[in-house]
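Take this structure first; my questions come after.
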């Protein structure tokens, strides 16, 4: 805009600040975007977060290792299993607790099912932002099946507190395995239906293709991970780059699309649902027998002093949990590197110069859960 | 004028207003039920049997709210705008033939009458945005106006095409010409216009855009983020705008029925009547609702691009094609 | 030019396919449960608020107020008091206050209890307009259930019969803030 001095002196830019306020009609959460607008175009979109800062990391310094576990499920409530997993595995790494193989397989199955349910919520909410109201309810119908399955095993529908140090809390039974297999069989035609109804839809394609370019360089600058960077052409997935748990045993792909626009990120998540179904199928087939909790885990855990961390691939990107222990029953420090914070920070650069509906489409395609940003 | 004429006019006036009012109220119910069914849920069921009293409950709620006129707003225009939006819908329905005998006033230029009064709607929305004295309302109203103007043109080009085919502007005669089995309907008159189904679809899309429905409700849905054109209206003022939207949908679908689908003619050539008219009209209204709940919204510039860069050239092409075909047929 | 028309035509066709899918869904039955006319049965492991478990042999609560659950709770919402009755070896619980407004249903208390004296209930219909209804005294509830389940004496006036399940508001005396 300041390229030619003549133009800027003749036409002073009148910008106004539009507050896309903490209360959103869409389901992103409490995020405030101070958008400086020049008519239709967004010149600067400044995110203001902190409206749901609940001090989880501080609570980590005041609760015992086991008492912190419910907190992890509440950080990103849509994909809580991965957060449970990261914390529990970090403590297991610190205290050198071995996990029985059956528990590892159950962890993978439940995490992947949770990933599918999180992507279904994203799918519905994203389309709601764009004005299509119906696919939200179809997605929630599928999600109910997952939630019912996981409720029968863990007791909760959303904020799971299922993993324990050295395994999982309850064993799964044949009913669960049967339901999971039936779900995998039902979900594949539903994914095809979503493709016909939504992905191939002319209006949606015009809305998403070519909008919101985020290239690899921008992702690296801000540390964005997850579908954001996979939609920019980089095949970075913690499950393949730094394999943990039993992911080495499964045969699955990392969907990557090079375009870097909203459509690429959309397609990455739709494909990821299919890949998660593959993992669940393979895991159900290979499930070993045995205990689900390792014996000999002390009641009051005192991991040796030191600095430990563990990274997992949450639904929204790379989650790193770092714990600092000083051999007491209460952690010295729990640090959560959550994916959405990094993903949000590139929004300001990515949305400059766009029109407002396009900027909101980009925000939806980043798949943010605000409690994840604020913790 | 005899007493009979006077009574007849009175009955028709009350009838048309009742029809518009009932439609506006119960189309809300139908939309919510249909939306529910598309989404595999029941829709309103609590108020009355199957939720049939829901519009009444909503109406009572809207009526009980205080009508606020914002400070500094142009009070007369502000209050007049909802009335101006509702009025064209009722007036247009006065000339639409519901059956051979059921027509308010069968004037010779019925076609022009309907589209002329349909345009008042656009002005009324602009008035509502302007009189609100709210920055966002003005922007939104300006958008609605530019959208409506852009989609008037292909709609009128399509109507001109039909005018060439029918040769008359009298709506009653247009329907009379479509007597017989369903292939006599204007939609299937491929002999004079091989692209007649395309013409119908263009008309349908223009009708959706004129009434700010379905994938073209940018200006209303923008109210998720910025206020829409009707933001300053409280209670029944807003309710009237809502009702007017449905009334306009009814008018648009009635015109589509009359022009393309044979009005009150039955598809089997026998027993024509008002039932067929209503069936066809409500089938089109169902399609309007169906389209709304299936697709996401377009962006605003794409909406305008669609009209100026696609619909107008295509409708011009159809017009020229029809003219050529008719010349060939006559010769 | 031809590409443009083909794109428009293909686009239109995709819209028609989408409409067909929605129409198919229109004719399928609804998937919702018409609450409150119908309600769902919860899974056995569903986490409602905790409740005390009764010992089938004695009919009394298993809990003997060792306070392990109170220490294990991350949210400090349990308060247990016990007293040793005459002629008994262990304490028995006299008061078990659960502040359900703070409980996060994590299950630490259920897990920590070595004698399996706590279990999850399956209550989810817990709406109320008063905060006091959620400061539950689980011991009193257990006792009220026990009294209600006892066989009634043969000739008893209606006034003597205990109420089957007392309202939470009526059962608890006014409690101080926990």
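Which of the residues belonging to segment A:167-176 are in a helix (DSSP H, G or I) and surrounded by fewer than 15 Cβ atoms within 10 Å (Cβ to Cβ)?
A:174, A:175
Here's another thing I want to ask about it. Within the bounds of segment C:7-16, is there any residue that is within 11 Å of chain A (Cβ to nearest Cβ), modelled with pLDDT of 85 or more and in a loop (DSSP other than H, G, I, E, B)?
No - not one qualifying residue is present in segment C:7-16.
Do you know which residues across segment A:328-361 are in a helix (DSSP H, G or I) and within 16 Å of the chain's Cα centre (by Cα)?
Matches in segment A:328-361: A:339, A:340, A:341, A:342, A:343, A:344, A:345.
Residues are listed down the side, and each one gets a yes or a no for (1) closer than 30 Å to residue B:70 by Cα; (2) within 14 Å of chain A (Cβ to nearest Cβ); (3) more than 14 Å from the chain's Cα centre (by Cα):
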{"position": "B:246", "(1), (2), (3)": "yes, no, no"}
{"position": "B:254", "(1), (2), (3)": "no, no, no"}
{"position": "B:260", "(1), (2), (3)": "no, no, yes"}
{"position": "B:274", "(1), (2), (3)": "no, no, yes"}
{"position": "B:320", "(1), (2), (3)": "no, no, yes"}
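Can you name the residue in segment A:149-166 that is outside any loop (DSSP other than H, G, I, E, B) and either closer than 14 Å to residue A:84 by Cα or in contact (Cβ under 8 Å) with a residue 24 or more places away in the chain (or both) and is also nearest to the other protein chains (Cβ to nearest Cβ) among such residues? Quick ask: steps written out before the conclusion?
Within segment A:149-166, the subset outside any loop (DSSP other than H, G, I, E, B) is A:149-154, A:163-164.
From what is left, the residues that are either closer than 14 Å to residue A:84 by Cα or in contact (Cβ under 8 Å) with a residue 24 or more places away in the chain (or both) are A:149-150, A:152-154, A:163-164.
Details: A:149: 10, A:150: 10, A:152: 4, A:153: 7, A:154: 7, A:163: 12, A:164: 8 Å.
So, considering only residues that are outside any loop (DSSP other than H, G, I, E, B) and either closer than 14 Å to residue A:84 by Cα or in contact (Cβ under 8 Å) with a residue 24 or more places away in the chain (or both), the one nearest to the other protein chains (Cβ to nearest Cβ) is A:152.
Can you tell me which residue among A:69, A:127 is modelled with pLDDT under 95 and either closer than 28 Å to residue C:119 by Cα or in contact with a strand residue (DSSP E or B) (Cβ under 6 Å, 6 or more places away or on another chain) (or both)?
Numbers: A:127 fails: either closer than 28 Å to residue C:119 by Cα or in contact with a strand residue (DSSP E or B) (Cβ under 6 Å, 6 or more places away or on another chain) (or both).
Every option except A:69 fails the conditions.
Select, from B:82, B:42, B:88, B:97, the only residue that is within 14 Å of chain A (Cβ to nearest Cβ), in contact with a helix residue (DSSP H, G or I) (Cβ under 8 Å, 6 or more places away or on another chain) and either assigned to a loop (DSSP other than H, G, I, E, B) or closer than 30 Å to residue B:7 by Cα (or both).
B:42
Scan segment A:57-93 residue by residue and report those that are farther than 16 Å from residue A:312 by Cα and either free of Cβ contacts under 8 Å to residues at least 40 places away in the same chain or away from every other protein chain (no Cβ under 14 Å) (or both).
A:57, A:58, A:59, A:67, A:71
Then there is this: Can you spot a residue in segment A:118-133 that is surrounded by fewer than 23 Cβ atoms within 10 Å (Cβ to Cβ), at the interface with another protein chain (Cβ under 7 Å from one of its Cβ atoms) and under 19 Å from residue A:366 (Cα atoms)?
Among the residues of segment A:118-133, at least one is surrounded by fewer than 23 Cβ atoms within 10 Å (Cβ to Cβ), at the interface with another protein chain (Cβ under 7 Å from one of its Cβ atoms) and under 19 Å from residue A:366 (Cα atoms), which makes the answer yes.
Return the total of residues in segment A:38-66 being at positive phi, modelled with pLDDT under 90 and within 21 Å of the chain's Cα centre (by Cα).
Matching residues across segment A:38-66 total 1.
Would you mind telling me which numbered condition in (1) in a loop (DSSP other than H, G, I, E, B); (2) more than 17 Å from the chain's Cα centre (by Cα); (3) closer than 22 Å to residue A:162 by Cβ residue C:69 fails?
(1)
Restricting attention to segment B:297-331, and to residues there that are touching a strand residue (DSSP E or B) at 6+ places or on another chain (Cβ under 9 Å) and closer than 17 Å to residue B:149 by Cβ, which single residue is surrounded by the fewest Cβ atoms within 10 Å (Cβ to Cβ)?
Checking each candidate, the answer is B:301.
To continue, here is another question. Can residue C:29 be described as at pLDDT 85 or above, facing chain A (nearest Cβ under 9 Å) and loosely packed, with under 12 Cβ neighbours inside 10 Å?
Taking the combined requirement at face value, the residue does not satisfy it.
Further question on the same structure: Name the residue that is farthest from residue A:341 (Cα to Cα), counting only residues in segment A:42-56 that are buried (at least 18 other Cβ atoms within 10 Å of the Cβ) and away from chain C (no Cβ under 14 Å).
The qualifying residue farthest from residue A:341 (Cα to Cα) is A:42.
Here's a follow-up. From the list B:286, B:295, which one is within 12 Å of another protein chain (Cβ to nearest Cβ), outside any helix (DSSP H, G or I) and farther than 27 Å from residue B:167 by Cα?
Within the list B:286, B:295, the selection yields B:295.
Do we have residue B:76 as over 30 Å from residue B:104 (Cα atoms), more than 14 Å from every other protein chain (Cβ to nearest Cβ), out of contact with any strand residue (DSSP E or B) (no Cβ under 6 Å at 6 or more places or on another chain) and not in a loop (DSSP other than H, G, I, E, B) here?
Working: over 30 Å from residue B:104 (Cα atoms): yes; more than 14 Å from every other protein chain (Cβ to nearest Cβ): yes; out of contact with any strand residue (DSSP E or B) (no Cβ under 6 Å at 6 or more places or on another chain): yes; not in a loop (DSSP other than H, G, I, E, B): yes.
Answer is yes for this residue.
All but one of (1) closer than 20 Å to residue A:349 by Cα; (2) touching a residue at least 24 places away in the same chain (Cβ under 8 Å); (3) assigned to a helix (DSSP H, G or I) hold for residue A:214; state the number of the condition that does not hold.
Result: residue A:214 passes all but (3).
Here are some residues: A:179, A:190. Which one is under 22 Å from the mean Cα position of the chain (by Cα) and either part of a helix (DSSP H, G or I) or free of Cβ contacts under 8 Å to residues at least 40 places away in the same chain (or both)?
A:190
Consider residue C:71 against the criteria (1) under 22 Å from residue A:151 (Cα atoms); (2) in contact (Cβ under 8 Å) with a residue 24 or more places away in the chain; (3) at the interface with chain A (Cβ under 10 Å from one of its Cβ atoms): it satisfies all of them except one. Which criterion is unmet?
Only one criterion is unmet by residue C:71, namely (1).
When you go through (1) within 21 Å of the chain's Cα centre (by Cα); (2) assigned to a helix (DSSP H, G or I) one by one for residue A:282, which number turns out not to apply?
(1)
Within segment A:196-211, count every residue that is away from chain C (no Cβ under 12 Å), part of a loop (DSSP other than H, G, I, E, B) and crowded, with 17+ Cβ neighbours inside 10 Å.
Selection size over segment A:196-211: 1.
The values are calculated or read from the model by the stated rules, or taken from the named source; none is laboratory data. Quick caveat, the model's predicted, so the values are computed rather than measured. Glycine also receives a Cβ, built like all others from the backbone with ideal geometry; neighbour counts cover every protein chain displayed.
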